[in-house]
1. When you scan segment A:163-171, do you find a residue that is under 15 Å from A:Thr101 (Cα atoms) and not in a helix (DSSP H, G or I), even just one?
2. So for segment B:136-158 (the condition being within 21 Å of A:Gly107 (Cβ to Cβ), at the interface with chain A (Cβ under 7 Å from one of its Cβ atoms) and in a loop (DSSP other than H, G, I, E, B)), does at least one residue qualify?
3. Counting only residues that are within 14 Å of DNA strand C (Cβ to nearest atom) and of a type in the set (Asp, Glu), which one in segment A:28-79 is nearest to the other protein chains (Cβ to nearest Cβ)?
4. Looking at A:Gly169 and the list (1) under 27 Å from B:Thr125 (Cα atoms); (2) modelled with pLDDT of 95 or more; (3) open to solvent by 10 Å² or more (accessible area, probe 1.4 Å); (4) facing chain B (nearest Cβ under 10 Å), which single condition is not satisfied?
5. Being out of contact with any Lys or Arg (no Cβ under 6 Å at 6 or more places or on another chain), outside any helix (DSSP H, G or I) and open to solvent by 40 Å² or more (accessible area, probe 1.4 Å), is that true of even one residue in segment B:75-86?
6. On the basis of being more than 7 Å from chain A (Cβ to nearest Cβ) and either within 15 Å of B:Met82 (Cβ to Cβ) or in contact with a helix residue (DSSP H, G or I) (Cβ under 6 Å, 6 or more places away or on another chain) (or both), does B:Arg189 make the cut?
7. Somewhere in segment A:12-29, is a residue in a loop (DSSP other than H, G, I, E, B) and of a type outside the set (Ser, Thr, Tyr)?
2 protein chains.
Amino acid sequence: MTGTTQQARRSDATRTAILAAARERFAADGYERATIRAIAKDAAIDPSMVMRYYGNKEGLFAAAIDLDLRLPDPAEITVDDMGRTLVRHFLDLWEENEVLTALLRVGVTNAAGAERMQDIFKRQTLPLALRVCPDPAEAPVRAALCASQVLGLALTRYVLRFGPAVGLGRDETVEWLAPTLQRYLTAERP
Amino acid sequence: MTGTTQQARRSDATRTAILAAARERFAADGYERATIRAIAKDAAIDPSMVMRYYGNKEGLFAAAIDLDLRLPDPAEITVDDMGRTLVRHFLDLWEENEVLTALLRVGVTNAAGAERMQDIFKRQTLPLALRVCPDPAEAPVRAALCASQVLGLALTRYVLRFGPAVGLGRDETVEWLAPTLQRYLTAERP
DNA sequence: TAGATTTGCCAACAGACGTTGACCAACAAG
DNA sequence: CTTGTTGGTCAACGTCTGTTGGCAAATCTA
């Protein structure tokens, strides 16, 4: 039936249950404290199944964070709306599932996670920076500044859970952060 | 000799060696992967000494991050220089030792660490926000926004080690971030 | 129906972890 | 010198970790 793509396996339900439980645990506990035993218990299967389907803990993590970021097309954004669009996009990405939270938690204590995070943010922000910033050579720095503000908000809001940052509404957040990113991207170098 | 204060113990050298090793390990590895055994080995003593002097791992961590933040006096800062002063102060604090890096790494996977971090940033930024922001009721939000940018920079620079964020010079960083904090503190609510 | 493959559980391994208590050497006080 | 206190090592404990291999049942293939 599924000729060209992948053969549908009978264990697909288990596999996705494991992945869902893994994402939840990684997001809540970080890499070390998210034990395979706990994940397996959440998925209501035996720990050894995790090993069979994902090889080892690193493989499970890699599969759990293999997300598809729907990058906005740089060509379709008005230059003046760049900051606003970016903040909106990131907030959506962050709140639609726990993958990015998991990645942030793990990236802080795990080298592979840090690299993946770096890759994601490079791919997200660099093209946009290249499109709008005055000097292309400055694009990496400007993109990194944007990443620092976005990641900082995610950190205080979704991980450390600072009261005021959690209470901030979505639109409020956009209004506060958008001008910052806009300046990092387009302003003359200070 | 030391009558009023603390009696000087013969083991003080060992105690500080343990603390130094602990800070290094916590900053480099996070809470879980910084094992007592590894810390003891770095300090060239037996793991059981750590237990005797600091009770348990949590006690050791608490002692390791018991830092003194030299808060700038709000009354002595020009309102217009508030952003610049804050960024400078945080950069200094972050680069003079590894305590804050350790705290950030641990705060992400450890509830006690997160609380301590929250406490530090409340105490650092709230008084300044209260002094300069238009409406005192908005001070917590404005302080949290400042915290998000500062922590975001620390995250990308000292923990995730994004290339461009690491390469950014101190003065450059100040010039980029200061206007952001200034706006978060003093601008009209967007 | 007979055999092969997949899915799952169970029990166990080896290593690392935090933590404990017994024990020895150096020192201080009488 | 004797006695109590402090600084330190050693060996071990119970527990938890990732990981492995064997075995039973369910399912697919012929």
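1. No, there is no match, as no residue in segment A:163-171 is under 15 Å from A:Thr101 (Cα atoms) and not in a helix (DSSP H, G or I).
2. The answer is no, given that none of the residues of segment B:136-158 is within 21 Å of A:Gly107 (Cβ to Cβ), at the interface with chain A (Cβ under 7 Å from one of its Cβ atoms) and in a loop (DSSP other than H, G, I, E, B).
3. Of everything passing the filter in segment A:28-79, A:Glu32 is nearest to the other protein chains (Cβ to nearest Cβ).
4. Failed condition: (4).
5. Of the residues in segment B:75-86, the ones out of contact with any Lys or Arg (no Cβ under 6 Å at 6 or more places or on another chain) are B:75-86.
Adding the requirement that they be outside any helix (DSSP H, G or I) leaves B:77-78.
Okay, now just the ones that are also open to solvent by 40 Å² or more (accessible area, probe 1.4 Å), so B:78.
Within segment B:75-86, one or more residues are out of contact with any Lys or Arg (no Cβ under 6 Å at 6 or more places or on another chain), outside any helix (DSSP H, G or I) and open to solvent by 40 Å² or more (accessible area, probe 1.4 Å).
6. Working: more than 7 Å from chain A (Cβ to nearest Cβ): yes; either within 15 Å of B:Met82 (Cβ to Cβ) or in contact with a helix residue (DSSP H, G or I) (Cβ under 6 Å, 6 or more places away or on another chain) (or both): no.
Against the criterion (more than 7 Å from chain A (Cβ to nearest Cβ) and either within 15 Å of B:Met82 (Cβ to Cβ) or in contact with a helix residue (DSSP H, G or I) (Cβ under 6 Å, 6 or more places away or on another chain) (or both)), B:Arg189 does not qualify.
7. Applying the first criterion (in a loop (DSSP other than H, G, I, E, B)) to segment A:12-29 yields none.
For segment A:12-29, residues in a loop (DSSP other than H, G, I, E, B) and of a type outside the set (Ser, Thr, Tyr): absent.
The values are calculated or read from the model by the stated rules, or taken from the named source; none is laboratory data. All values derive from a computational prediction rather than experimental measurement. Please note: Cβ atoms are built from the backbone with ideal geometry, for glycine as well, and neighbour counts cover all protein chains shown. Only protein heavy atoms, including side chains, enter the accessible area calculation; ligands, DNA and RNA are left aside. Shrake-Rupley method; radii C 1.70, N 1.55, O 1.52, S 1.80 Å.
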